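One structure is given below, encoded as structure tokens.
The values are calculated or read from the model by the stated rules, or taken from the named source; none is laboratory data. Here the structure is a predicted model, which means the values were calculated and not measured. Note that we place each Cβ from the backbone using ideal geometry, even for glycine, and neighbour counts take in every protein chain shown. Please note that ligands, DNA and RNA were not included when accessible areas were found on the heavy atoms of the full protein model with its side chains. Shrake-Rupley method; radii C 1.70, N 1.55, O 1.52, S 1.80 Å.
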Amino acid sequence: MSTEQEHPKKAFGWAARDSSGVFSPFKFSRRHEIVGVVTEVGSRVQKFNVGDKVGVGCMVGSCTSCENCTNNLENYCPEWILTLMVPSTTMEPPHMEHFVVRIPETLPLDAAAPLLCAGITTYSPLRYFGLDKPGMHVGVVGLGGLGHVAVKFAKAMGVKVTVISTSPNKKEEAIEHLCADSFLVSRDEDQMQAALGTLDGIIDTVSAVHPLLPLIGLLKSHGKLVMVGAPEKPLELPVFPLLVGRKIVAGSGIGGMKETQEMIDFAAKHSITADIEVIPMDYVNIAMERLLKGDVRYRFVIDIGNTLKSTL
């Protein structure tokens with residue numbers, strides 16, 4: 001089945017079509033919106049009605065029958081379909097309704113959109129690894145798109161939060177704006193030495209190559225270092241420091257649909273949103289340049305609806 005047959009709705013957007021990476025207007029057949037308001041429903045749709053606020057995150061399909069899928073872990077299905085991925089010709093069309101999240105009325109669509117990726121990526125490991133208990137002390141490595149949301153969720157869970165960063169100039173942002181309890185400069189040996197053995201767990205959001213040994217040293221016995229960033233090159237993992245404290249290094253990737261809805265509802269209850277900058281579609285090339293420089297706090301959100309209105 002071709003993309004056009006499976007997703008017959010015609011759309012207009014911007015795309016990079018060669019190695020230059022420059023975005024330009026592009027017509028294509030689309031699978032869905034990311035967040036928005038329902039305008040039509042099919043005859044088999046049961047969960048949603050016209051006018052509902054909804055969103056679709058990182059995935060739009062899975063096999064629905066494997067052990068992971070039957071345990072609400074569609075994100076670990078061997079046949080999962082990423083939002084930007086074309087399904088294989090052997091797979092049934094995605095069960096789209098199942099992969100749609102209801103956005104509570106109290107959450108603004110623009111600031112809720114990044115939660116469907118960054119939000120669930122950080123919420124899920126906090127819950128799964130038991131780092132969500134009031135009074136626990138959790139570190140968050142990296143204060144970017146993932147890190148700032150991790151701080152917000154952990155604080156809402158009643159957890160004491162220490163932000164760990166290579167950039168001293170992020171201290172004010174971490175403590176004054178995000179209400180972190182403390183801040184560590186990872187390159188400051190004295191600060192890191194003073195914090196040895198103080199953390200119950202760490203959520204590491206950094207996607208650049210970085211040393212793990214100093215982070216492992218910050219953990220208490222039985223502490224957990226959970227990787228949610230994805231460095232391009234392998235990281236060096238020293239084993240002995242894990243043995244002497246029964247410490248764990250683990251990974252986590254987004255979450256299943258049940259947990260994603262739980263995350264969105266929790267965010268609405270605690271007024272958690274991503275810090276965003278809303279941009280029109282024709283600003284996307286400048287936005288990409290700024291991303292490469294780290295010049296965004298902390299997520300760009302493209303306002304497709306108003307961009308299209310202005311071009312019609």
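E262 meets the conditions (1) open to solvent by 70 Å² or more (accessible area, probe 1.4 Å); (2) farther than 30 Å from I81 by Cβ in every case but one. The failed one is (2). Name every residue in region 276-299 that is outside any loop (DSSP other than H, G, I, E, B) and either in contact (Cβ under 8 Å) with a residue 60 or more places away in the chain or closer than 16 Å to L109 by Cβ (or both), in order of residue number. Result: I276, E277, V278, I279, M281, D282, V284, N285, M288, R299. No other residue among V163, V206, V185 is of a type in the set (A, V, I, L, M, F, W, C), within 20 Å of R297 (Cα to Cα) and touching a residue at least 60 places away in the same chain (Cβ under 8 Å) apart from V206. The sole residue among G130, G139, G158 that is in contact with a strand residue (DSSP E or B) (Cβ under 9 Å, 6 or more places away or on another chain), assigned to a loop (DSSP other than H, G, I, E, B) and modelled with pLDDT of 95 or more is G130.
May I ask you to verify whether A268 is free of Cβ contacts under 8 Å to residues at least 40 places away in the same chain, more than 16 Å from the chain's Cα centre (by Cα), surrounded by 16 or more Cβ atoms within 10 Å (Cβ to Cβ) and not in a loop (DSSP other than H, G, I, E, B)? It is false that A268 is free of Cβ contacts under 8 Å to residues at least 40 places away in the same chain, more than 16 Å from the chain's Cα centre (by Cα), surrounded by 16 or more Cβ atoms within 10 Å (Cβ to Cβ) and not in a loop (DSSP other than H, G, I, E, B). With respect to I302, is the statement that it is without any contact (Cβ under 8 Å) to a residue 60 or more places away in the chain and crowded, with 18+ Cβ neighbours inside 10 Å true? In short, yes. Within region 31-50, no residue that is without any contact (Cβ under 8 Å) to a residue 12 or more places away in the chain sits with its Cβ atom under 9 Å from a residue that is buried (at least 17 other Cβ atoms within 10 Å of the Cβ) at 6+ positions apart or across chains.
The set of residues in region 254-265 that are of a type outside the set (D, E) and either within 15 Å of the chain's Cα centre (by Cα) or in the same structural domain as H148 (by the TED database) (or both) comprises I254, G255, G256, M257, T260, Q261, M263, I264.
The residues on offer are I202, I216, and the sole one that is closer than 30 Å to C117 by Cβ, of a type outside the set (F, W, Y), under 22 Å from the mean Cα position of the chain (by Cα) and modelled with pLDDT of 95 or more is I202.
A count restricted to region 161-200 and to residues that are touching a His at 6+ places or on another chain (Cβ under 9 Å), part of a helix (DSSP H, G or I) and open to solvent by less than 80 Å² (accessible area, probe 1.4 Å) stands at 2.
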